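Right, one structure below, let's go through it.
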Amino acid sequence: MASGPVDTRTSTTTEEPEYLDEVTIHRFEYPTPGDADSEQNWAELYLPAGEQRVDSIPLVVLIHGGAWQSALGADIFEPLARDLAERGMAVYNVEYRRVGSGGGWPTTFRDVASALDHVSVVDKQFPQITTDDELVVGHSAGAQLAVWGGTRHKLDDNEVGARPVFRPTRVVSLAGPLDMVYAATHGDDRIVTALGGTPRQVPERYTMVDPIQNIDPTTPVVAVHNTGDRMVSSVNSTRYVDAVVKQGGEATAVLLPGGNHGSVVTSTAPEYPRVLDIITGASSADLDDVDEVTG
C-alpha cells in the first residue's frame, strides 16, 4: 500500500496545483443552524495524487458510525478515506456532534445535513471535484445518515434536513439500521436514545429520518451487511432493499458471510477488499447500474 497522505489540515487554499504528487488532506469547518462546535463540525477532503483538472475527480462522502454516540469519531474512517483516495477518488470525511458531545435529536441530523450542504462551498474552492452525481457511504449509524442524506429532497420544508443544497444520488450502506422502527422495537436502544424516544413516543421523528420511510426509487442503494453481525441484524438491509424494490426502485443487498458489525470497515478484515471494490464500483457505474454492483 502507498505511504500515507500529506497532512495539510492547517490551511485551505483557493488555488490547487495542476498536478499533485501525493494525496493531500484539507479540513473545512461547516456552519450549522445555531452555534457550531469547531471541534466537531468539520469535514476533511482527501484529494488523490495526479492531475487536478476541473470536474475530473469523483467525490465520495463518508459518514462514520458509532451508534450516534460520541465514543467514536471520523478518525475511524481515515484508513478507508486514504484507500479510496489512493484509488483516484476525492473523499469528504464528515464529523458531527453525537450523543454525549452535544448531539442527539435533532442536532446530529442537522449537523450531517449541514456538512452535506457544505460540499457546494468545497466545490468552489476545489473545482476539480465533481458534485453532480456523487456517492455517499456510511457505516452503522452513519449508514442511516447516508441513506437519509440521499433522500432529503423528499422531506417537507418544516422537517429536519429538508431542502438540501447538495444531494448524493447514489448510496452504499455498510451494516446500516435502515428500518429504524423495526430495529428499535427489536431491542436496539441506541436508536431510542438518539431520537429521544420510542417509535410510539416520537413517531414524527422516525418518519423524518428512518430510511425505510423516506425511500426515493430513483436513488440506487447498495446495502452491504455481514451475516455474522450481532449488533445490527442484516434483516435491516434486506427489509429495506425489499421495500425499495417493491416501490419500483433500484437496490441490492450484498450479504457477506461471517464477519461482525465492525469488520466490514476494518482494513485487516478479509471482506475489506471487496467492500473497497463495491464502493469503487458504485461510484463509477452508470446510475442505472449501481444496484448491480456487488464487488
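Beta carbons closer than 7 Å, at least 6 apart along the sequence or on distinct chains, pair a first residue in segment 158-169 that is touching a residue at least 40 places away in the same chain (Cβ under 8 Å) and within 16 Å of Asp132 (Cα to Cα) with a second that is surrounded by 18 or more Cβ atoms within 10 Å (Cβ to Cβ) and of a type in the set (Ser, Thr, Tyr) for Phe166/Thr131; Thr169/Thr219.
Considering only residues that are crowded, with 16+ Cβ neighbours inside 10 Å and over 10 Å from the mean Cα position of the chain (by Cα), which ones fall in segment 131-153? Answer for segment 131-153, where residues must be crowded, with 16+ Cβ neighbours inside 10 Å and over 10 Å from the mean Cα position of the chain (by Cα): Thr131, Glu134, Thr151, Arg152.
A single member of Gly281, Gly197 is assigned to a loop (DSSP other than H, G, I, E, B) and either without any contact (Cβ under 8 Å) to a residue 40 or more places away in the chain or hydroxyl-bearing (Ser, Thr, Tyr) (or both), and it is Gly197. Please work out if Ala269 is in a loop (DSSP other than H, G, I, E, B), without any contact (Cβ under 8 Å) to a residue 60 or more places away in the chain, under 22 Å from Leu84 (Cα atoms) and aliphatic (A, V, I, L, M). It is true that Ala269 is in a loop (DSSP other than H, G, I, E, B), without any contact (Cβ under 8 Å) to a residue 60 or more places away in the chain, under 22 Å from Leu84 (Cα atoms) and aliphatic (A, V, I, L, M). The set of residues in segment 16-47 that are closer than 16 Å to Val91 by Cβ, among the aliphatic types (A, V, I, L, M) and surrounded by fewer than 21 Cβ atoms within 10 Å (Cβ to Cβ) comprises Leu20, Ile25. Output yes when any residue across segment 122-138 is assigned to a helix (DSSP H, G or I), under 30 Å from His26 (Cβ atoms) and of a type in the set (Asp, Glu), and no when none is. Looking through segment 122-138, at least one residue is assigned to a helix (DSSP H, G or I), under 30 Å from His26 (Cβ atoms) and of a type in the set (Asp, Glu). Only one entry in Gly104, Gly161, Gly100 is at positive phi and surrounded by fewer than 18 Cβ atoms within 10 Å (Cβ to Cβ), namely Gly100.
Taking segment 167-187 as the region of interest, how many residues are surrounded by fewer than 22 Cβ atoms within 10 Å (Cβ to Cβ) and in contact with a helix residue (DSSP H, G or I) (Cβ under 9 Å, 6 or more places away or on another chain)? Adding up the residues that qualify gives 5. Against the condition modelled with pLDDT under 95 and either in a loop (DSSP other than H, G, I, E, B) or under 27 Å from Gln213 (Cβ atoms) (or both), how does Gly258 come out, does it pass? No; evaluated as a whole, the condition is false for this residue. So, in segment 196-216, of the ones that are within 19 Å of Ser237 (Cα to Cα) and among the hydroxyl-bearing types (Ser, Thr, Tyr), which residue ends up surrounded by the fewest Cβ atoms within 10 Å (Cβ to Cβ)? Checking each candidate, the answer is Thr207.
Taking into account only those residues within segment 89-103 that are of a type outside the set (A, V, I, L, M) and touching a strand residue (DSSP E or B) at 6+ places or on another chain (Cβ under 7 Å), which is nearest to Thr131 (Cα to Cα)? Per the criteria, the residue is Tyr92.
Once segment 20-50 is narrowed to residues that are among the acidic types (Asp, Glu) and without any contact (Cβ under 8 Å) to a residue 40 or more places away in the chain, the residue that is farthest from Asp111 (Cα to Cα) is Asp21. Note on segment 48-96: residues that are surrounded by fewer than 18 Cβ atoms within 10 Å (Cβ to Cβ), more than 14 Å from the chain's Cα centre (by Cα) and not acidic (Asp, Glu) amount to 10. Considering Thr219, Thr131, which residue is among the polar types (S, T, N, Q), touching a helix residue (DSSP H, G or I) at 6+ places or on another chain (Cβ under 6 Å) and under 30 Å from Ser56 (Cβ atoms)? Exactly one residue qualifies, and that residue is Thr131. Evaluation of Ile215 against the conditions (1) out of contact with any His (no Cβ under 8 Å at 6 or more places or on another chain); (2) outside any loop (DSSP other than H, G, I, E, B); (3) of a type in the set (A, V, I, L, M, F, W, C) shows that the sole unmet condition is (2).
The values are calculated or read from the model by the stated rules, or taken from the named source; none is laboratory data. Predicted model, so just to flag it, every value in this text is computed and none were measured. With ideal geometry, Cβ positions are generated from the backbone for all residues, glycine too; neighbour counts draw on all protein chains shown.
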